[in-house]
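Some notes on the structure that comes next.
The values are calculated or read from the model by the stated rules, or taken from the named source; none is laboratory data. The structure presented is a predicted model; accordingly, all values stated were derived computationally and were not measured. Here the Cβ positions follow ideal geometry from the backbone for every residue, glycine too, while neighbour counts run over all protein chains shown.
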């Protein structure tokens, strides 16, 4: 399984988690089976590139995304690519990864999953 974290630098496990997902200069990807760490540049459209981050990360085989927080639309977009999002990550990549492994991060979609959205608008 591949876990991705938006980061400010290319320092691998010691890299700093970037709280603003779309503005992250790099994404650090950890393969949980081999413990291999890969850092890829953010070449999505936020950074003058093409495509959206979920699409880009999906192409890189990412299954799970850890971040500080994410807008509802972005969470849904990740979900549509089959990528699960966990929020509450901070500190270094190692901190975020350990927090996820020990169940300290919250699954963004448990609480505000796409299917639940908009119920309040349907009361007549």
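Any residue at all in the range 97-104 that is modelled with pLDDT under 95 and surrounded by 14 or more Cβ atoms within 10 Å (Cβ to Cβ)? If you could, list the steps in order and put the result at the bottom.
Kept after step one, since they are modelled with pLDDT under 95, are these residues of the range 97-104: none.
No, because not a single residue in the range 97-104 is modelled with pLDDT under 95 and surrounded by 14 or more Cβ atoms within 10 Å (Cβ to Cβ).
Table: residues versus (1) under 12 Å from residue 6 (Cβ atoms); (2) within 13 Å of the chain's Cα centre (by Cα).
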{"position": "17", "(1), (2)": "yes, yes"}
{"position": "23", "(1), (2)": "yes, yes"}
{"position": "29", "(1), (2)": "yes, yes"}
{"position": "58", "(1), (2)": "no, yes"}
{"position": "67", "(1), (2)": "yes, yes"}
{"position": "88", "(1), (2)": "no, yes"}
{"position": "98", "(1), (2)": "no, no"}
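Tell me, yes or no, whether the range 64-72 has at least one residue that is at pLDDT below 95, on the phi > 0 side of the Ramachandran plot and exposed (fewer than 12 other Cβ atoms within 10 Å of the Cβ).
Checked against the condition, which is being at pLDDT below 95, on the phi > 0 side of the Ramachandran plot and exposed (fewer than 12 other Cβ atoms within 10 Å of the Cβ), the range 64-72 yields no hits at all.
What are the residues in the range 12-37 that are surrounded by 15 or more Cβ atoms within 10 Å (Cβ to Cβ), in a loop (DSSP other than H, G, I, E, B) and in contact with a helix residue (DSSP H, G or I) (Cβ under 8 Å, 6 or more places away or on another chain), if any?
15
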